[in-house]
Amino acid sequence: MRFVARQFSNPQGVLGWLVGRGMARSNANFSRWAVLQIEQHLKRPPQRILEIGPGPGIGLEELLRRFPEAQAWGVDHSGEMLRQSRRRNRRAVEAGRLTLVRGDVGAARDLAPVDLVAANHVLYFWREPEHVLSMVQECLGPGGSIALGYQLRRNMPTMAQKQFPREGFRLYDSEPEVAALLEGAGFVGITHYVEGSADRVEGRLILGETARAQ
């Protein structure tokens, strides 16, 4: 089970392919819901969008659909996830609207400035989230936005609750704990959205903004 848990941070090989297919089934509705919240929350449509860890590419697909004038990038250190993202969004890649890059958040520095950085269910795998969020700040232009989709520990599958910490992955117990990470990196205007009911939370989304230029 620890090996399976490790695959969620960097899917590889046949098992990685299966993990990606599982992500597409289990996270699709949440990914689309998260993009809808982003669209309704933002004051103006983003022109340059970056998704960190796009997995099988459903979030990218929805971002491209809801923001048809935007240029998008997906950065992932899993070659298998990039293949699945490319397959799902082939037309956008061929049209030049979407560029997929193998690497971590550090690769995003070359894309600055962007208007929106999105990342769903990757927060747990950032061993130094404060450092990652500081790099995201550097990528965003004035008034740019960050949108992180995640689950709290108590709402995660039993396997993840047990095995993720054994792999050094970081789980979170409250919304204020996650908000404190964004505030510590200098984000303002922190807003939370919750998908699902009180007894069945499907996921959470936190949004924050960089300070606007004076």
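Summary table below
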quantity	calculated
Where the chain is the region considered: accessible area per residue in Å², 1.4 Å probe	48 Å²
Euclidean distance between Cα centres, the range 112-136 to the range 150-214, Å	12 Å
Antiparallel bridge percentage (DSSP; both residues within the chain; nearest 5)	40 percent
Computed magnitude of the charge dipole of the chain (debye, nearest 20; Cβ of K, R +1, Cβ of D, E -1)	780 debye
Residue order for Arg200, Arg166, Arg86 - accessible surface, 1.4 angstrom probe, largest first	Arg200, Arg166, Arg86
Extension gain (nm, one decimal) between Lys162 and Arg127, 0.36 nm per residue minus Cα-Cα	10.9 nm
Percent carbon-and-sulfur accessible area, the chain, ignoring ligands, DNA and RNA, probe 1.4 Å	49 percent
Dimensionless Rg ratio for the chain, taking C-alpha atoms and the 2.2 N^0.38 Å reference	0.95
Dimensions (Å) - the range 55-149, Cα atoms, principal axes, largest first	35, 29, 23
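The values are calculated or read from the model by the stated rules, or taken from the named source; none is laboratory data. Fair warning: this is a prediction, and the values are worked out from it, not measured in the lab. Here the Cβ is made from the backbone with ideal geometry for all residues, glycine too, and neighbour counts use every protein chain on show. Surface accessibility is based on the protein's heavy atoms, side chains included, excluding ligands, DNA and RNA. Shrake-Rupley method; radii C 1.70, N 1.55, O 1.52, S 1.80 Å.
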